Amino acid sequence: MGERKPVGVVLSGASTQSAVCQVYEHAEKGKLREGMFLQIESQGKRKILGRVASIIPQNEFYLPGDAWTEARRKQWQVPTNLARQYELFEMELLGELPGLKEISIPPYAGDNVFEIDVSKAPEEIFGVKNPSPGVIWYGSLLGYRDAPIPLTIEGIPMHCAVFGVTGSGKSYDVGALIEKLVRIYSEENIQLSIPMLIIDANADYIDYFKYSQEKGSLGACPTVIRFVFPNSPELKTYPKNTRPIAINLNNLTLRDLAELIVQYYSGGEKNELQVAGIETLIQTMEARGDITHENYQQIFLDEDTFRAALRRLDELRKSDAIHSATAAAIYRGLNKFREIENRFNILSETPRIEGDFIDNLTDNRFIAILDFSADAAPGVPLSLKQLVISYISSILFQKFTDYKVKREERYMLFIIEEAQNYCPNLAVYNVGYSLAKEKLSLISTQGRKFGLSLCLISQRPSFIDPIVLSMCNTFFIHRISPEDVSFVKKVCGGLPKDLERRLTILERGEVIVTGQMSKVPFPVVINVPGREVEHTYGKTDVLKALRRLAK
Ligand SMILES: Nc1ncnc2c1ncn2[C@@H]1O[C@H](COP(=O)(O)OP(=O)(O)O)[C@@H](O)[C@H]1O
Ligand SMILES: [Mg+2]
């Protein structure tokens, strides 16, 4: 493998982490590039894989303040051809081949450095055959046309996160990953797919829905289902697999319901007195027979029951069981909460999203997309979206706890776009709703056997709850904003200097991959693979729209 002609030589003073090398004349002036992989053959035996971290051209007649300073100043010709001029490069040492084992002995001065064709020798480099069961070959190492890296699906349960500013290619990247995750190699002629639930903030994944409606499936995934709010006209497109976002409050614990009502009203703040007051109110209603046991839905669906609730609230206030200011807030809270039904019909619409839906999704390996985009959620405020995610996260947590108790191993990937809106770091980003956050942190802290895996996507990683993020073990990092650099470096466990420099200048479609899912034991930059299904919704066509308006 590789070309036999060396491109450089190791100089004195190498460590097990890095080596300074000199370029051979034939390889000077452009043959080596930063980020390129090279192989040192140490003492003719051991092979060490390294990456060019920097290239430093040298010329002894162009040193600051040297004897030629005055000549340069006058723009006289300096006799450059007499000077010692050469190129150095610094290599970051990555591992011993085959299989990228840890380097225990540094390379020696005089060791030759060779080019290595990373696309031709995946097995020798990564220690993984192509194909291998459960391994996805993804993208291509930056600077190489066809050098995909191996990602293992065994790393999925440890949660992953995708970062990058708007337009850096996160959704495109996740789409490309989805395309791989519905075609997981199992054995010859057998492909598998992993069930997924996607919170789609901007209709980035609806192309997959349409594709599956038209083609009948998406890889090994038999059906993609789309959920839209009941007031959306989109409910009528592909009606067979489009469903309303409808919930059943009876699936919640009384405490969770009380929190939802309070937070929906307050825009996020969780007033303990109000939460406790609502709990008392509903317990009283049950005790007096206003509602049947745990039929919370009835309060907001049935006008008489709702009026009974307000009456009971007044009684509780009069008997001092609930303080009058608290009662007044609860009164407003209940009225506001009714809006989720009166304006959006999310309680009365059927079928509702309940536990059996999760059984169905995981049994049949479906992909379900909760479409929160403007077309699918007309006029729906963020607080209602947060409420829906709180509800769904509760159900998911209950169901996966059940599976675990029953020892039914199931797996599902829960992809959340705009994750900062659902599990916010309230210290820096106060969009409220701790309930979704609490459920998502509960999910994130379960071990790998829990089977419910999060994939959090965000343009502002430092706005995500640090506990949830600390549970993520794989990172796909696109171009990020300078304010997020130190935060991202910390959560992903550090990056080598040359990658760190790139964080804010990565081009669209370039992504740093690091963590448990990657079989490469160090962070790498890759180009995201081209998608099979076109990404239409992310595109804008301002010119076309302006032309149309001008007509
Ligand atoms: N690797 C890529 N190859 C081709 N087009 C891409 C690539 N990455 C992103 N795009 C396109 O660039 C635009 C922005 O990408 P997108 O994934 O929506 O960014 P983000 O989700 O980070 O805001 C979209 O139109 C998308 O289709
Ligand atoms: Mg996006």
message = Cβ contacts < 6 Å: first residue closer than 14 Å to ILE415 by Cβ, restricted to the stretch 190-213; second residue assigned to a helix (DSSP H, G or I), any location; separation 6+ or different chain. Result?
response = ILE194/LEU181; PRO195/LEU361; PRO195/THR362; ASP204/SER171
task = Can you tell me which residue within the stretch 499-517, out of those that are outside any loop (DSSP other than H, G, I, E, B) and open to solvent by less than 10 Å² (accessible area, probe 1.4 Å), is nearest to SER453 (Cα to Cα)?
result = VAL513
key: Pairs where the first residue, in the stretch 224-252, is without any contact (Cβ under 8 Å) to a residue 40 or more places away in the chain and the second is outside any helix (DSSP H, G or I), C-beta under 6 Å, 6+ apart   = LEU235/VAL228; LEU235/THR242; ASN241/ILE225; THR242/ARG226
request  = Give VAL78, VAL20 a once-over and let me know the one that is among the β-branched types (Val, Ile, Thr), outside the structural domain of VAL520 (by TED's automatic domain parsing), touching a Leu at 6+ places or on another chain (Cβ under 9 Å) and over 30 Å from TYR138 (Cα atoms).
outcome  = VAL20
key: Among the candidates LEU301, LEU254, LEU273, residue that is out of contact with any strand residue (DSSP E or B) (no Cβ under 9 Å at 6 or more places or on another chain) and open to solvent by less than 40 Å² (accessible area, probe 1.4 Å)   = LEU254
ask   = What are the residues in the stretch 201-223 that are open to solvent by 10 Å² or more (accessible area, probe 1.4 Å), within 16 Å of ligand 2 (Cβ to nearest atom) and part of a helix (DSSP H, G or I), if any?
value = ASP207
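Residues checked against (1) among the aliphatic types (A, V, I, L, M); (2) within 16 Å of ligand 1 (Cβ to nearest atom); (3) open to solvent by less than 60 Å² (accessible area, probe 1.4 Å):
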{"position": "LEU387", "(1), (2), (3)": "yes, no, yes"}
{"position": "LEU442", "(1), (2), (3)": "yes, no, no"}
{"position": "PHE450", "(1), (2), (3)": "no, no, yes"}
{"position": "ILE457", "(1), (2), (3)": "yes, yes, yes"}
{"position": "SER470", "(1), (2), (3)": "no, no, no"}
{"position": "ASP484", "(1), (2), (3)": "no, yes, yes"}
task = Give the stretch 1-22 a look and list any residue that's assigned to a strand (DSSP E or B) and surrounded by fewer than 21 Cβ atoms within 10 Å (Cβ to Cβ), or say none.
result = VAL9, SER18, VAL20, GLN22
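When the stretch 46-85 is examined, which residues are found to be among the polar types (S, T, N, Q) and assigned to a strand (DSSP E or B)?
So the first thing to find is which residues in the stretch 46-85 are among the polar types (S, T, N, Q), and the list is 54, 58-59, 69, 75, 77, 80-81, 85.
Result: SER54, GLN58, ASN59, GLN85.
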task = Kindly indicate whether any position in the stretch 225-236 is within 16 Å of ligand 1 (Cβ to nearest atom) and either outside the structural domain of ARG460 (by TED's automatic domain parsing) or in contact with a Leu (Cβ under 9 Å, 6 or more places away or on another chain) (or both).
result = no
request  = Tell me, please, whether a residue that is within 16 Å of ligand 1 (Cβ to nearest atom) and closer than 24 Å to GLU409 by Cβ can be found in the stretch 179-188.
outcome  = yes
query = Can you name the residue in the stretch 158-171 that is under 13 Å from the mean Cα position of the chain (by Cα) and surrounded by fewer than 21 Cβ atoms within 10 Å (Cβ to Cβ) and is also nearest to ligand 1 (Cβ to nearest atom) among such residues?
reply = VAL165
Output for the stretch 9-38, where each listed residue is on the phi < 0 side of the Ramachandran plot and touching a helix residue (DSSP H, G or I) at 6+ places or on another chain (Cβ under 9 Å) = GLU34, PHE37
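The values are calculated or read from the model by the stated rules, or taken from the named source; none is laboratory data. Everything numeric in this text was worked out from a predicted model, so none of it was measured. FYI the Cβ positions are ideal-geometry reconstructions off the backbone, even for glycines, and counts take in every protein chain you see. Surface areas here come from the heavy atoms of the whole protein model, side chains and all, with no ligands, DNA or RNA. Shrake-Rupley method; radii C 1.70, N 1.55, O 1.52, S 1.80 Å.
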